[in-house]
Amino acid sequence: MISQNITRLINEQITKEQYAAQLYLSMSAWFCAKDLDGIANYFRIQSKEELMHADKMFDYLKDVGEQIILGEIAKPPYEFTNAVEIFEKALEHEKIVTKSIFNIVKNANDEGDFATVSFLQWFINEQVEEEANASQLVSKIKMVCDNPSALYLFDQELATRVFNPQTA
Ligand SMILES: [Fe+2]
Ligand SMILES: [Fe+2]
């Protein structure tokens with residue numbers, strides 16, 4: 001039902017989502033080491049969500065009867081200058097993922113592969129949310145990073161985030 005080109009792009013996207021999970025887990029580890037457990041929790045959940053995204057694509061390839069070929073997941077960075085840099089990198093990364101998903105949608109559209117276009121609609125909406133959240137957090141971390149009591153509250157705010165597999 002879907003072309004080899006689209007199958008390849010989705011297989012590559014699975015690896016990209018898994019890399020995003022690695023990256024966010026590495027960011028979580030950085031915050032753990034700084035005892036900012038709330039922010040660490042936020043990135044840990046981000047990481048789990050990315051794995052769910054990879055799973056969704058895995059299931060889609062299964063449903064359309066195409067071969068799932070997993071790629072190599074690169075080692076994520078683990079040294080960061082400060083918290084602001086991490087949030088900025090997270091936003092930057094979401095933008096890269098959005099572009100990559102748009103590229104698959106464009107290819108699917110050009111090929112008249114409306115099943116894939118429809119499948120990826122969820123991801124298009126998800127990326128709008130991801131970028132909005134990431135961008136808001138960049139603004140917030142910039143507001144609080146030089147003020148320990150504000151940072152403490154920000155950390156507490158992010159500690160309340162819970163993982164919901166239904167909406168991931
Ligand atoms: Fe994702
Ligand atoms: Fe994401």
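Laboratory data are not the source of any read-out in this text; all were calculated from the coordinates shown. Bear in mind the structure is a predicted one, so any value in this text is a computation, not a measurement. Because the Cβ atoms are built from the backbone with ideal geometry, glycine has one as well, and the counts that use them run over all protein chains shown.
Structure data summary
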item: Residue list for segment 1-32, restricted to those being closer than 19 Å to Glu88 by Cβ and more than 10 Å from the chain's Cα centre (by Cα); result: Leu25, Ser26, Met27, Ser28, Ala29, Trp30, Phe31
item: Unique residue being within 16 Å of ligand 1 (Cβ to nearest atom) and either crowded, with 18+ Cβ neighbours inside 10 Å or not in a loop (DSSP other than H, G, I, E, B) (or both) when the list is Ile39, Ile73, Ile10; result: Ile10
item: Cross-chain or 6+ apart pairs with Cβ under 7 Å, segment 81-99 first and closer than 15 Å to Ile141 by Cα, then more than 13 Å from ligand 2 (Cβ to nearest atom) and assigned to a helix (DSSP H, G or I); result: Ala83/Ile141; Val84/Ile141; Val84/Lys142; Ile86/Trp30; Phe87/Val138; Phe87/Ile141; Glu88/Val138; Leu91/Val138
item: Residue satisfying all of: in segment 109-132; within 16 Å of ligand 1 (Cβ to nearest atom) and aromatic (Phe, Trp, Tyr); nearest to Ile2 (Cα to Cα) among these; result: Phe119
item: Inter-residue pairs, beta-carbon under 6 Å, first farther than 16 Å from Glu92 by Cα and in segment 115-133, second not β-branched (Val, Ile, Thr), 6+ apart; result: Thr116/Ala108; Val117/Ala108; Val117/Asn109; Phe119/Tyr60
item: Segment 110-168: number of residues that are assigned to a loop (DSSP other than H, G, I, E, B), surrounded by fewer than 11 Cβ atoms within 10 Å (Cβ to Cβ) and of a type outside the set (Ser, Thr, Tyr); result: 5
item: Residue in segment 73-88 that is under 13 Å from the mean Cα position of the chain (by Cα), closer than 21 Å to Ala29 by Cα and not aromatic (Phe, Trp, Tyr) present; result: no
item: Flag for Leu36 being under 26 Å from Gln166 (Cα atoms) and aliphatic (A, V, I, L, M); result: no
item: Residue list for segment 69-102, restricted to those being among the hydrophobic types (A, V, I, L, M, F, W, C) and within 20 Å of Val117 (Cβ to Cβ); result: Val97, Ile101, Phe102
